[in-house]
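The structure appears right after this line, and notes come after that.
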Amino acid sequence: MEKTDWKRIGWLTAATLVLGAIIGACAGLLTLLLYGVEYMMLGFIESEFIPGAFTVPAVRRIASVTLGLGVAGVIWYLLRTKTEKVPSVKKAVNGGRMPFWQTIVHVVLQIFIVGSGASIGREVAPRELGAMLAQRFCDIFHIGDGEGDAHGVLDRRMVVAVAAGAGLGGVYNAPLAGMFFAAEILLVDVTLEKVAFGLGMSATAAFVATAIKGEHMFYDIGAMQMNSTPSLMLFALLCGTACGVVGALFRKGSQWAESHKPTGRSLMWQMPLAGLVTGLVSIVVPQVMGNGRAAAQLGFSTFIPETADTSGAAQSAASAAASPWTFLAGSDGAPGSVVNAGTPLELNRLWMLLGVLALTFVAKALVTLMTIRSGASGGVLQTGIALGSTLGTMLGLLWLFVFPVDSVTACALIGAAALLSASQQAPLMAMCLVMELTEAPIEFFVPVGLAVAASAFVSSWLLRRLS
């Protein structure tokens, strides 16, 4: 009979509860920091009521994002050329050492540029912080620090990966996504122990983080029908295929931008230039700013009342008031406005809606790639959701002419998960993250799962052909 390793059980328990709680506290504080930067730089705090910088004057938007990326460019130049470099989370999982204070500065800078309006995600910051804290935890318990200790090295790798996933789960209150991020992307090994360990730590982190930052709706999908339909399954298959192609191309673009970042003094002028371009684009497309929440919500909030009688979808007054379409329509927000989605679907209005969504899609993709190429660090998870939501909405608007029983919001939900799956090559993580962030009814796991499967298959095939 194999002897029980009580020491290992002890540190696994400590990691799940103690390390998970510390990471959750950090994730909650990082969220509050983001809100503080937004309020200081842009004069608003993102929420379910104001998903983006729509009400911020254009001059302030330009000044905020240019200044934010300018300051970050100088600090990142010094951090990357004068001190020990901060490795990626994947390198940290494989043994790369994350320096203490450099990692903290690196993390704070990511939150700072997102809060100032840069078009890039904030989810890498809590993952890096979680990985750094996990390495210190392993040092305390002497996990994997001895020569020839192959089992200990594997344990250390697991702890760092799971802690990074817990950072993601904590900041977004998405424990399933955090667990699958660790097992599916970082470890590429979905075993019972890793799933249990990852889910336990991510759940602990999410609980503690929520206690600090509060529990708020991230994406409002109130304009979606409550039940799935056979036609929605067909849409999921077609949309998943399209998102597989687009997601693969966006992944290639992100990899190109990451590999062509400036490494010298040019970082100090390329980043503020990227900020200036972002600000100028935001004059016409304000939803391009930030981590993608505003752009994604544009798709989720698209509501066509003609489908209400058949799909059962309805948009509340509160959801309509907080919709990006209402902000884009101007102060009047009148139902007759050509850019207000809560109006019957006439042909001339259809082209206007498609035009706004297409402009948002293109602007968000290009500006995000430009921001990464300029030298900024950050993630693309929320950008993937934004691109998928807007693409799914565009396809959904056309779908309604054939199958009016479905709602556009359901199409946006399917597109968001499918494109994220393709761009990250992580179908389980993508599906769970989108479902957790939207708090979608559980039965929509079926069409979303079909779309994610299709996108994963198509994107994998295409990426092999492009490599």
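The values are calculated or read from the model by the stated rules, or taken from the named source; none is laboratory data. The shown structure was predicted, so the numbers you read here are calculated from the model rather than taken from an experiment. Here the Cβ is made from the backbone with ideal geometry for all residues, glycine too, and neighbour counts use every protein chain on show. Surface accessibility is based on the protein's heavy atoms, side chains included, excluding ligands, DNA and RNA. Shrake-Rupley method; radii C 1.70, N 1.55, O 1.52, S 1.80 Å.
Of note:
- Å² per residue, accessible surface of the chain at 1.4 Å: 39 Å²
- Distances between every pair of Cα atoms in region 115-216, grouped in 10 Å steps from 0 to the bin holding the largest one, split as 17, 44, 29, 8, 1 percent.
- Region 349-428 - convex hull of the alpha-carbon atoms, volume per residue in Å³: 83 Å³
- The listed residues Trp269, Trp11, once ranked by accessible area (1.4 Å probe) with the largest placed first, stand as Trp269, Trp11.
- Over the C-alpha trace of region 225-331, radius of gyration and Dmax come out as 19.2, 60 angstrom.
- Rg/Rh ratio calculated on Cα atoms of region 1-153 (Kirkwood radius): 1.10
- Checking every one of the trypsin sites (Lys or Arg not before Pro) in region 1-67 against DSSP loop status and a limit of 10 other Cβ atoms within 10 Å picks out Lys3.
- Among the GluC sites (Glu not before Pro) in region 188-282, those located in a DSSP loop and surrounded by at most 12 other Cβ atoms within 10 Å of their own Cβ are Glu215.
- For the chain, the mean residue ellipticity at 222 nm estimated from helices alone is -22000 deg cm²/dmol, where every DSSP H run of n ≥ 4 contributes -39500 (n - 2.57) and the total is divided by all residues, rounded to the nearest 500.
- Under 5 Å between amide hydrogens, built in the peptide plane, is the criterion, and for Ala118 it picks out Gly290 among residues at least 5 positions away or on other chains.
- The chain, dipole about Cα centre (Lys/Arg Cβ +1, Asp/Glu Cβ -1), debye to the nearest 20: 1580 debye
- Of every Cα-Cα pair in region 157-310, the percent that sits beyond 21 Å: 69 percent
- Taking amide H as placed 1.01 Å from N in the peptide plane, the amide H of Gly379 sits under 5 Å from that of Gly121, Arg122, Glu123, Val124, each at least 5 places away or on another chain.
- A Cα-only calculation for region 75-117 places Rg and Dmax at 11.1, 33 Å.
- Distant alpha-carbon pairs in the chain (separation over 34 angstrom), percent: 31 percent
- Exceeding the 23 Å Cα-Cα cut-off - candidates Lys213/Lys364; Lys90/Lys213; Lys82/Lys252; Lys82/Lys261: Lys213/Lys364; Lys90/Lys213; Lys82/Lys252
- Rg ratio for region 182-270: its Cα radius of gyration over 2.2 N^0.38 Å, N being its residue count, equals 1.66.
- Surface share of carbon and sulfur [accessible, 1.4 angstrom probe, percent] for the chain: 69 percent
- Area accessible to solvent at Phe361, 1.4 Å probe radius, in Å²: 40 Å²
- Relative contact order of the chain, defined on C-alpha pairs under 8 angstrom at six or more residues apart (%): 22 percent
- Ordering Met289, Met268 by accessible surface, largest first, gives Met268, Met289; the 1.4 Å probe counts only protein heavy atoms, with every chain in place.
- Of the trypsin sites (Lys or Arg not before Pro) in region 134-243, not one is in a loop by DSSP (not H, G, I, E or B) with at most 10 other beta carbons within 10 Å.
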